[in-house]
Amino acid sequence: MKKKVIVAIADGLGDRPVKELNHLSPLQFAQTPHLDEIAKKGKSGLMDPISPGITVGTDMGHLILFGHDHQLYPGRGPIEAAGVGLDLKEGDIALRCNFATVDDTGIVIDRRAGRIRVGTSELVEAINHTVINGVEFILKEATEHRAVLVMRGEGLSDRISDSDPKAPNDGSPYKEVLPLDDSIQAQKTAAVLNEYFKVVYEKWKNHPVNLKRIEDNKLPANFLITRGAGKMTNIPQLGKEMGFTCKVIAGEDTVLGVAKMTGYHTETDESFTGSVDTNYPLKAQKALQAIEDFDLVYVHFKATDLMGHDNDPQGKVAAIEKYDEMVGMLKNNLPENTLLALCADHSTPCEKGEHSGEPVPIAIYGPGIFSDEVTQYDEVRCGRGSLNRLTGNQFVWTLFDYLEVVPKQGN
């Protein structure tokens, strides 16, 4: 009977010794009986998403955890586009956007258009599918002031600069988009995008949504500023190619976007937040339900990363203990012949407040798994485990092997 696998991802879990935690990491300091039981009864190790010392973002980290080589990374724009439900084609250029407020000279009054929350869909409808010089512009609103723009056409390049001035509303003009190399494709992409900005302003400056906002003493959303151009690549659909089914349960658009791009099913809920108030019992419940129908299920927990970014060691300890409770729910209700794997996409040390290139602890637990001498799940003890130190790709393909879908090499 083939095995199934549930993978519990604690985003940004890894850390460094913290003085106020008696020089322990948040993971070492936290009370984690369920994580420790998995380490004691399973096999453990450390994982570098790419290689030692190389820092990755959440998007690339999850691309790797979903089984892909980091060189397939298409950029944040395409991932954001997939996350909001846009179907991308190979060669599409996708950009992250903000609805913004500019004056008639292009000075950015507010990069977030007063943090607009209502009316963005009507603005999008007024301009969507504009075509300029054979390039179609597909716009999709996201949360609040955010949006995603897709450019579709022949001969386009993602080697273009950002138009976002990234200044905190200090009267800077939006930036003209420039080609970042000498290719005809980059020059064409930059030129046509600059023309699109003019169309956006003309279409939106007197749009009813904005006239009403002005009447209500709110800033109009009369412009778009862009950043993070990426070109959609042909990402293999591993499930279809190798013959397994997969579902990803998460609350973050980035993680959901990566999952959709790689052909995996996704499930979310409004109660899945990025903080410690996330509905982790429901995440565990949905993962256990999903494993009945899927071979592989990923369940994502974000709060550990958020607390690292906030330089909040005590908050990270609290988040880790919530993650431990979620893992306990999975462990205590694990179906027959199902494995449970623990990992993270990267480290987010509190002292740094940003991602780092340090390895993260990993463990695999369940029927048919050897136990090693590790008895606690943390950044130090897992380094003594029988999994040794793996790359992210090696770790995930180890899990694929338990699914019995990895082709045999040789005769």
Percent relative contact order for the stretch 80-237, counting Cα pairs under 8 Å at least six residues apart, stands at 33 percent
Sparse-neighbourhood loop hits (chymotrypsin sites (Phe, Trp or Tyr not before Pro), the stretch 3-104; DSSP loop; Cβ within 10 Å at most 10 others) -> none
For Ser371 the rounded accessible area (nearest 10 Å², probe 1.4 Å, non-protein molecules ignored) is 80 Å²
Hydrodynamic calc, the chain: Kirkwood Rh from Cα pairs, then Stokes-Einstein at 4 °C with viscosity 1.567 mPa s, so D in µm² s⁻¹ is 57 µm²/s
Placing each pseudo-label 7 Å from Cα in the direction of the beta carbon, Asp293 and Thr130 end up separated by a distance in nanometres of 4.1 nm
Packing-ranked peptide list from 52-59, 12-19, highest mean Cβ count within 10 angstrom first, is 12-19, 52-59
Taking 0.36 nm per residue of separation between Glu90 and Gln31 and subtracting their Cα-Cα distance, the length gained on full extension comes to 16.6 nm
Expressed in nanometres to one decimal, the distance between label points 7 Å along Cα→Cβ at Ile184 and Glu325 is 6.2 nm
Beyond 16 Å, the calculated P(r) of the stretch 104-149 holds a percent of Cα-Cα pairs equal to 49 percent
Computed over the chain, the relative contact order (Cα-Cα under 8 Å, seq sep at least six) in percent reads 34 percent
His23 and Glu241 label points (each 7 Å along its Cα→Cβ direction) are spaced in nm at 4.8 nm
Hits in the stretch 112-155: amide N under 14 Å from the 7 Å Cα→Cβ extension of Glu202, namely 127, 130-133
Here FRET efficiency (C-beta to C-beta, Glu336 to Trp397, R₀ 22 Å, nearest 0.05) is 0.35
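The values are calculated or read from the model by the stated rules, or taken from the named source; none is laboratory data. These figures come from a predicted structure and were not determined experimentally. Glycine also receives a Cβ, built like all others from the backbone with ideal geometry; neighbour counts cover every protein chain displayed. Side chains are part of the model used for accessible areas, which takes the heavy atoms of the whole protein and leaves out ligands, DNA and RNA. Shrake-Rupley method; radii C 1.70, N 1.55, O 1.52, S 1.80 Å.
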